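To keep things clear, I will list the structure first and then write my remarks on it.
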Amino acid sequence: MTQPAPALRPVVARVAGLNLGFFGIEIAVALAIGSIALIADSLDFLEDAAINLLIFAGIGWSVRNRARLGMVLAGILVIPGLATAYAAWQKFSDLTPPAPLALTLTGLAALAVNLACAAMLTRHRDGGGSLTRAAYLSARNDAYANLAIIAAGLLTALTLSPWPDLVAAAGIAILNADSAGDILRAARAEWRAANAIS
């Protein structure tokens, strides 16, 4: 298993800063317009900041310790999905659609942030096992989620229905669960490799 390159450290620090900053913006908009999809995506930004800060701390660790951290990161990816499910459950008591323009514009801004993060992480995605895989998958999946949010905003404008927002939120939760599985598999492979060496 390869060691994450030292050059990854400043990259994940910048990515963590971008994610933390946009989390504050997106959660404020989400709560103002009542969008479950934006709540889910804002929690993804917070989760991405945490993941990248953990990766920043874990660079230089042994393969076994990186595998342990990878397993923790897989667990972290599940948390936004659970929080989204709770927010969606609460939404059923008030099926008012979110403001479509604010939803679409926030999705576009979030997409720009995530594409910038994914571009920074692309060259590191295959090096260093589960840690770098976690960072890259988080940024990539959030870009897909933002496309779903933009589509939900446009559909909400056409239909004045709350369902496009709820469907986008469900898709974001599924993406997170899939990424958690990918990271857990990479972490287990690192763990097996560490045991084979020792």
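The values are calculated or read from the model by the stated rules, or taken from the named source; none is laboratory data. The structure presented is a predicted model; accordingly, all values stated were derived computationally and were not measured. Note that we place each Cβ from the backbone using ideal geometry, even for glycine, and neighbour counts take in every protein chain shown. What goes into the accessible areas is simple: the full protein's heavy atoms, side chains included, and nothing from ligands, DNA or RNA. Shrake-Rupley method; radii C 1.70, N 1.55, O 1.52, S 1.80 Å.
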For this session: Name the single residue, out of those in region 71-121 being at pLDDT 75 or above, closer than 18 Å to A145 by Cβ and among the β-branched types (V, I, T), that is surrounded by the most Cβ atoms within 10 Å (Cβ to Cβ).
Result: T106
Seminar exercise, completed: Scanning region 45-67 for residues that are of a type outside the set (A, V, I, L, M, F, W, C), surrounded by fewer than 18 Cβ atoms within 10 Å (Cβ to Cβ) and touching a residue at least 24 places away in the same chain (Cβ under 8 Å) gives G60, S62, R64
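Within region 122-170, how many residues are modelled with pLDDT of 85 or more, outside any helix (DSSP H, G or I) and open to solvent by 20 Å² or more (accessible area, probe 1.4 Å)? Explain how you work it out, then say what you get.
Applying the first criterion (modelled with pLDDT of 85 or more) to region 122-170 yields 143-169.
Checking the rest, the ones that are also outside any helix (DSSP H, G or I) come to 160-162.
Then keep just the ones that are open to solvent by 20 Å² or more (accessible area, probe 1.4 Å); that gives 160-161.
Residues that pass the stated criteria total 2.
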Exercise. Looking at region 28-39, is at least one residue more than 20 Å from N146 (Cβ to Cβ) and either buried (at least 19 other Cβ atoms within 10 Å of the Cβ) or out of contact with any Asp or Glu (no Cβ under 8 Å at 6 or more places or on another chain) (or both)?
Worked result: no
Exercise. What pairs come up if the first residue lies in region 160-178 and is over 26 Å from Y136 (Cβ atoms) and in contact (Cβ under 8 Å) with a residue 12 or more places away in the chain, the second is part of a helix (DSSP H, G or I) and open to solvent by 50 Å² or more (accessible area, probe 1.4 Å), and their beta carbons are under 7 Å apart, counting only those six or more places apart or on different chains?
Worked result: P164/L155
